[in-house]
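Below is one structure, written out as structure tokens, with a few remarks after it.
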Amino acid sequence: MGLMVRAGLGLEPWSVLNQGISEHTGVSIGTVTIIGGALILLLWIPLRQRVGLGTVSNVVVLGLVMDATIALVPAYSSWAVRVPMLALAVALNGAATGLYISARFGPGPRDGLMTGLHLRTGRPIRLVRTCIEVTVLVVGFVLGGSVGVGTVVYALAIGPMAQLFLRVFAIEGLEEERSRVVAAGSAAPAPQEPAAASEEQAAAPEAATGPAAAESATRPGC
């Protein structure tokens, strides 16, 4: 996120919101990100999402890294640097989303909101994520956050990229759990025909005991 700030081409929607809040409160954008992440966890309660190590780490680390990146990376005026920096920031965010969700240590607050709404509504991840990003973007813009071409690129690209990287980084041993998030809506295996099984079971007594036993099995009981 700090790279997008330094690229100066517009922030991703959540950072637009956090920057708008930062400008009204005087608190650094990284600190606002941490506080906002903690508040978003309250929305997990009705969505029945579970907090994990990845969740707590995201709340704390994301804001700290954002402030550190802004402090260490200088601002550039050249488009030849700013455009690749923007593209790198969006790609890294999509990859990070796929990595730590696939690791099953718990998603971050914002990604947990995405997956929670996905599981509760049955809508595709890319649709849920895009709707969230656009909503947050509008609120952040009203508060005075920085909006630009980078904002539009991120809002439209992050949903498909998140779903792509969830598939790329899926852990083989967690295939069934992954299917709830990534492969929801995929066709289930076709059930076996009960008729064929019944015919085999009906033929079993005759094959095992011969015609005489099969004939006696059809006689009325005493």
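The values are calculated or read from the model by the stated rules, or taken from the named source; none is laboratory data. As the structure is a computational prediction, the values presented were derived from the model and not from experiment. Cβ: placed from backbone, ideal geometry, glycine included. Neighbour counts: every protein chain shown. The protein model used for the area step is the full one, side chains on, heavy atoms only, and it has no ligands, DNA or RNA in it. Shrake-Rupley method; radii C 1.70, N 1.55, O 1.52, S 1.80 Å.
The residue that is farthest from M4 (Cα to Cα), counting only those in segment 29-54 that are β-branched (V, I, T) and modelled with pLDDT of 85 or more, is I40. Every condition in (1) assigned to a helix (DSSP H, G or I); (2) open to solvent by less than 20 Å² (accessible area, probe 1.4 Å) is met by L9 except one, and the failing one is (1). Just one of the listed residues (V136, V152, V142, V128) is hydrophobic (A, V, I, L, M, F, W, C), at pLDDT 85 or above and surrounded by fewer than 16 Cβ atoms within 10 Å (Cβ to Cβ), and it is V142. If you check P205 against the conditions, is it open to solvent by 80 Å² or more (accessible area, probe 1.4 Å) and modelled with pLDDT under 80? It is false that P205 is open to solvent by 80 Å² or more (accessible area, probe 1.4 Å) and modelled with pLDDT under 80. When R104 is tested against (1) under 22 Å from T130 (Cα atoms); (2) open to solvent by 60 Å² or more (accessible area, probe 1.4 Å); (3) at pLDDT below 85, only condition (1) is not met. For segment 79-99, a residue qualifies if it is more than 21 Å from T151 (Cβ to Cβ) and open to solvent by less than 60 Å² (accessible area, probe 1.4 Å), and exactly one does: G98. Taken over segment 12-33, residues that are in a helix (DSSP H, G or I) and farther than 19 Å from L92 by Cα amount to 12.
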